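First up is the structure itself, then whatever we jot down about it.
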Amino acid sequence: LLQAYERLDRANKVLAIVGDGQLRQEMQNYASDHNLDSVHFFGFQDRHQILKYYSISDVLVLPSDQETWGIVVNEAMCFGLPVIVSDGVGAGRDLVREGYNGFSFPRGNVAALAETLKHLMDTSPQQRAIMGERSRSLIRDWLQRDLASSLDQYFDFLCAQNSQGDA
């Protein structure tokens, strides 16, 4: 993300990185070494504090190489944000519709992420707002699914498969 952000030739760009982890110091060193003064590290934020970061954001970027789900995608969509995820983020398969409410890019591909960021930044504020509203609508529909019924159907399927194996 930092390498892609560095490639953006935009005035008044700001990158807020929220969260802690084993890469934080390395990322801070990279930002410092490359004079990325508009990158700010806010560390871990609890569930009460994180809300302000979503509310001031224009987009969520989750560039993980591997992320089983990535609940931050759900959260950002609840706040009406367009989302950019790598193809290593599980939530991207279910929640991100390419060009509709966000974008995905091949994990680890800095050039593709930079191009995706440029593309979104070149999109009009009105179009980004529409994408954000689409995120909010998609997550609302997704959260209202009948998961118990889906699990029930899945277990019925597994039982049927198991019964056929016993015959």
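Things worth noting here:
- Criterion violated by Val14 - all others in (1) open to solvent by less than 40 Å² (accessible area, probe 1.4 Å); (2) touching a Ser or Thr at 6+ places or on another chain (Cβ under 8 Å); (3) farther than 25 Å from Leu138 by Cα satisfied: (1)
- Condition check for Arg7: under 19 Å from the mean Cα position of the chain (by Cα) and among the basic types (Lys, Arg): no
- Evaluation of Val61 against the conditions (1) open to solvent by 80 Å² or more (accessible area, probe 1.4 Å); (2) out of contact with any Lys or Arg (no Cβ under 8 Å at 6 or more places or on another chain); (3) at pLDDT 95 or above shows that the sole unmet condition is (1).
- Cβ-Cβ under 8 Å pairs, at least 6 apart or on other chains, region 112-137 side more than 10 Å from Tyr100 (Cα to Cα), far side aliphatic (A, V, I, L, M) and surrounded by fewer than 17 Cβ atoms within 10 Å (Cβ to Cβ): Ala114/Leu8; Leu117/Leu8; Lys118/Leu8; Met121/Leu8
- Of all residues in region 90-120, those being part of a helix (DSSP H, G or I) and either open to solvent by less than 80 Å² (accessible area, probe 1.4 Å) or in contact with a Ser or Thr (Cβ under 8 Å, 6 or more places away or on another chain) (or both) number 13.
- Elements of type helices (runs of 4 or more DSSP H) in region 1-85, at least 2 residues being under 26 Å from Tyr100 (Cβ atoms): 2-6, 50-56, 71-78
- Here Ile71 does not qualify as surrounded by 15 or more Cβ atoms within 10 Å (Cβ to Cβ) and within 22 Å of Val89 (Cβ to Cβ).
The values are calculated or read from the model by the stated rules, or taken from the named source; none is laboratory data. Because the structure is predicted, anything quoted here is derived from the model rather than measured. Note: ideal-geometry Cβ built from the backbone for every residue, glycine included; neighbour counts use all protein chains shown. Each accessible area value is taken on the protein alone, full model and side chains, heavy atoms only, with ligands, DNA and RNA left out. Shrake-Rupley method; radii C 1.70, N 1.55, O 1.52, S 1.80 Å.
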